[in-house]
Amino acid sequence: MIKLAKYQGTCNSNTRGLNVVYDIYEREINKDNPKRIITYKTMLYNDKVQEEFNNLGIEEVADINLITKEDIVIISPRGISKEDMLYLKNNDIEFYDTTCPKLKKIYDLIYQKYLDNYNIIVIGDKNSEIVMNMASYTDNNCDIINSILDIENLNKAYNKIFITADISIDKEVYTNLVNTIKNRYSTLLVEECNSSCNEFIKLLDSAQNIAKSCDIIFIIGNIESKSTKEVYEQLYSHKEVYIFSDINKIWRFVFENDFKKDVNIALIGGLSTPIKELYNYKYLLSFLFFYKEKYLELKNNQELINNSLINDLDNNYVKKVLNDFIDLNQDGKYIRGALIALGYLIASENKDNKYLNLAYAYEMFQTSILIHDDIIDNARIRRGKETIPRRICHKYLDKKKDKSYQNDVIKLANSLGICAGDLGFYHSLKLINNYYQEYPNYHQIVSLFTKIVISTIKGEVIDVYLPFMGKYNYASLNKEDIIDIYHLKTSWYTIIGPLSLGYALGNKSISKDLENILNKIGLTFQIKDDLLGIFSDSNVIGKPNTSDIEEFKQTLLYYYVINTSYKDEFLKIYGKRNINNNDLNNIRDILIKSGSYDYVLNYLDNLYSECLNDIDNLELEEDYKDILKGLLIYINIREK
C-alpha cells in the first residue's frame with residue numbers, strides 16, 4: 001500500500017513564488033518585444049519545475065553581474081544577499097521579490113541587531129543559501145555554527161549576542177544549541193529568534209507519523225541542504241529510505257529491487273515538492289507494482305506455454321520455425337497481458353488468475369502480428385533480436401552469390417516469416433478454445449478477440465497505404481487518416497482490446513466512457529512511440545531509430561513538418577534507405593526547428609491532461625483509477 005502524509009507539498013512561499021513566475025510569463029509572452037524573464041537564483045529545488053522553466057525559456061541566473069535593465073528578475077523564496085538587493089535597486093532593474101515573509105523579517109532583524117552592535121550567531125550549514133544570505137546582513141561578520149563543538153571553538157570577546165537559524169534546523173537541535181550558548185555566556189545579554197519554518201516542522205511531523213506504519217520511505221524531491229538531509233536521516237534511521245528527484249528513474253528502481261507483496265510505502269515530499277508531483281509518484285507506483293507482479297507471473301510461466309507449441313510428431317522444418325517464434329515470444333514487455341489481468345480483476349468478484357491463459361494467447365497474437373509487421377517493414381531488429389526473416393537471410397544468403405539464389409532466399413525468409421506469424425495466430429485461438437470453451441461468456445471472448453485482430457489489420461492496411469500514396473503524390477495526407485491508424489492499430493490492439501478481454505472474462509463489458517478514455521491512452525502510447533522511434537537510442541528501444549524514416553511513416557510529426565517551409569529539406573532525407581547518423585541528426589533538427597516536435601509534444605500533453613481528468617470521473621475503485629493513471633504516466637515517461 002502506498003501512503004501519503006496528511007500534510008504534504010510545496011510551502012506557501014514556494015507556491016506564491018511559482019505563481020509570480022507564471023503570471024509574469026503570461027504577461028510578457030503576449031507582448032511584441034517581451035523581456036527576458038530570469039529567476040535569481042534557483043527558484044525551486046525541483047528538477048521538474050526547472051525543466052518546465054527551461055521549456056518556457058525562463059532562465060536561471062546565479063551571477064548578479066549577468067543581469068541587466070533589459071531583464072525581469074524574480075527573487076527566489078529564499079531571498080538574496082544584501083549586496084545583491086542593492087545591485088538590483090541601484091541599477092534600476094525590474095524585480096519581483098518572492099522572499100518568504102518570515103525570512104524577510106529575519107533578514108531585517110539580523111541587520112538591525114547588527115547595527116545595534118550585537119554579535120550575530122547563525123545556526124546552520126555555512127554552505128546553505130539562506131545562511132549565506134543571513135551572513136551578508138552582517139557584512140559577513142557573524143559566526144556560523146552547526147554543533148556543540150562549534151560553540152566550544154568560539155573565542156571572540158562578545159558584548160551582546162543575537163542567535164537565529166536556518167529555516168530547516170530541527171527545533172530540538174536549535175533549542176539544545178541555544179541553551180548551550182546561553183549557559184556559556186550567562187553574564188551577557190543573549191537574544192534569539194527561532195526562524196524554523198512552521199510548514200517544514202508540520203511536514204516533518206506529518207511525515208514521521210505516516211512513516212510509523214510503513215516499511216519503506218520514498219522521499220520525493222531534491223534535498224535542499226545538508227541540514228535538511230540530516231533531519232531526514234535522523235527521522236528515518238530505522239527505515240529503508242530512498243530519495244528520488246526524477247520520476248523517470250523510479251520504474252527502473254521498482255523492477256530492479258524485490259519488494260514483498262504487502263509492503264507499505266510512505267511517500268514523503270519536501271517543501272519544494274508540488275503536491276501534484278507526489279500524486280504522480282503514487283499513481284506510477286500503483287501501476288508499477290501491479291505491472292511488475294503480473295509481468296513476473298506471466299514471465300515465469302511462459303516456458304510452459306511455449307513448450308506446448310511444438311508437438312513431438314512435428315516435422316523438423318516446422319520445429320525450426322516454431323523455435324524461432326518461441327524465441328521472439330519470450331521477451332515481450334507483457335503490458336497487454338497485464339491489462340487483461342487488470343480488466344478481469346476490475347470486472348470479476350473472484351481475484352483468481354483465470355486470466356493467465358487468455359493473456360498468453362494475446363501475447364502470442366502480438367508476437368504474430370509483429371512478425372508480419374517486420375516483413376511489411378523489412379525490419380532487421382525486434383525486441384533487441386534479429387527478426388525471423390533476417391535470421392534466415394543471414395543463414396543462407398552467403399552460401400551462393402547469384403541473383404536468382406539471393407531472390408529465392410529472400411522469398412524463403414519472408415514466406416517462413418508469414419508461416420511463423422500464422423502459426424502464432426492460430427495457436428493463440430487454440431489456447432482460448434482449450435481453456436475457455438466451457439465458460440458461459442466464451443463466445444463474447446472469441447468475438448472480441450476477433451474484433452481486435454480485424455481492427456489491428458485495418459489499421460495496418462492504412463499504415464501500409466499512406467506512405468506509398470504520399471511518397472508518389474497519389475493523395476494528399478490528412479490528419480484523420482493518421483488518427484485512424486492510431487485508433488485501430490494501437491488503441492484497440494494495445495489498450496482497449498486487452499482491457500476489454502479481461503472484462504469479458506469477468507462477464508462484463510467496458511462502458512463507453514471507459515472505452516473513450518482507453519482510446520486516448522492508446523493515442524498517447526502511439527504518439528510516444530513515434531517520438532521514441534526517431535529521438536530515442538536504438539539500443540534502448542530494441543529496434544533501429546531510423547526505421548520510421550526509411551519506411552516513410554506517416555505520423556503527426558510528418559504531418560506537421562510537410563505543411564511548413566521545411567518540407568523540401570525534410571523530404572530530401574525522409575524515405576531514403578540506409579539512413580546514416582548524419583541524416584538522422586538532420587531529420588531531428590528539422591523536426592525541432594520547424595515546430596513539429598513541439599506541436600506533437602503539446603498534442604501529447606493535452607491528451608495526457610484530458611485522460612487524467614477523465615479517469616477521475618469514472619465509476620471505479622480508487623485503487624484501479626490509480627493504476628490507470630499510473631499506466632498513463634508510465635507511457636509518458638517510458639524510454640522504449
Notebook entry, point to check: Is the shape of segment 79-212 best called rounded, prolate or oblate, per the rule: a/c under 1.5 gives rounded, else a/b larger than b/c gives prolate, else oblate, with a ≥ b ≥ c the square roots of the Cα gyration tensor eigenvalues?
Noted result: oblate
Item checked: Summed residue charge, Cβ within 15 Å of Ala475's Cβ, Lys/Arg positive, Asp/Glu negative -> -2
Next item on the list: Just order 164-175, 325-336, 251-262 by mean Cβ neighbour count inside 10 Å, highest at the front, would you?
Entry: 164-175, 325-336, 251-262
Item checked: Helix 403-436 vs. the chain, principal-axis angle (Cα, 0 to 90°, nearest 10) -> 80
Notebook entry, point to check: Rounded if a/c is under 1.5, else prolate if a/b is larger than b/c, else oblate: which is segment 1-104, with a ≥ b ≥ c the root eigenvalues of its Cα gyration tensor?
Noted result: oblate
Check: So, in Å, what gap is there between the alpha-carbon centers of segment 491-551 and segment 357-411?
Finding: 23
Check: Counting only residues 5 or more places away or on other chains, whose amide H sits under 5 Å from the amide H of Asn264 once H atoms are built in the peptide plane?
Finding: Asp215, Ile216
Next item on the list: Calculate, axis by axis, the spread of Cα positions in the chain along the three principal axes, and write the results as whole Å, longest axis first.
Entry: 101, 58, 50
Notebook entry, point to check: How much net charge surrounds Cys193 when only the other residues with a Cβ under 12 Å from the Cβ of Cys193 are counted, with Lys and Arg +1 and Asp and Glu -1?
Noted result: 0
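Could you sort 453-459, 337-343, 474-480 so that the peptide with the highest average Cβ count within 10 Å comes first and the rest follow in order?
The packing order, highest mean first, is 337-343, 453-459, 474-480.
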Checklist line | Radius 14 Å from Cβ of Ala359, net charge of other residues (Lys, Arg +1; Asp, Glu -1) | finding: +1
Next item on the list: Using the Karplus curve 6.51 cos²θ - 1.76 cosθ + 1.60 with θ = phi - 60°, work out ³J(HN,Hα) for each residue of segment 365-378 in order, rounded to whole Hz, and write x for Gly and Pro.
Entry: 4, 4, 4, 5, 5, 5, 4, 5, 4, 5, 5, 4, 8, 6
Checklist line | HN-Hα J in Hz across segment 346-363 - Karplus 6.51, -1.76, 1.60, θ = phi - 60°, x for Gly and Pro | finding: 5, 7, 9, 6, 7, 9, 8, 10, 5, 6, 4, 5, 5, 5, 5, 4, 5, 4
Next item on the list: Step through the residues of segment 613-626 one at a time and calculate ³J(HN,Hα) from phi using the Karplus curve (6.51 cos²θ - 1.76 cosθ + 1.60, θ = phi - 60°), rounding each to whole Hz and writing x for Gly and Pro.
Entry: 5, 5, 4, 4, 8, 6, 8, 9, 4, 4, 4, 6, 4, 4
Note to self: What number results when the radius of gyration of segment 408-473, computed over Cα atoms, is divided by 2.2 N^0.38 Å?
What the structure shows: 1.56
Next item on the list: Whole Å is fine, so just give me how far the alpha carbon centre of segment 109-170 lies from that of segment 332-352.
Entry: 60
Note to self: Only counting other Cβ atoms within 10 Å, I'd like Tyr283, Tyr405 sorted with the fewest neighbours first.
What the structure shows: Tyr405, Tyr283
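Shape of segment 283-637 from its Cα gyration tensor (a ≥ b ≥ c, root eigenvalues): rounded if a/c is under 1.5, otherwise prolate when a/b > b/c, or oblate?
Values: a/c = 1.99, a/b = 1.11, b/c = 1.79.
It is oblate, given that a/c is not under 1.5 and a/b is not larger than b/c.
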Note to self: Order 521-533, 21-33, 408-420 from most to least packed using the mean count of other Cβ atoms within 10 Å.
What the structure shows: 521-533, 408-420, 21-33
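Where a number appears in this text, it was derived from the coordinates with a stated rule and is not lab data. Quantities reported herein were computed from a predicted structural model and do not represent experimental measurements. All Cβ positions, glycine included, derive from the backbone under ideal geometry; neighbour counts span all protein chains shown.
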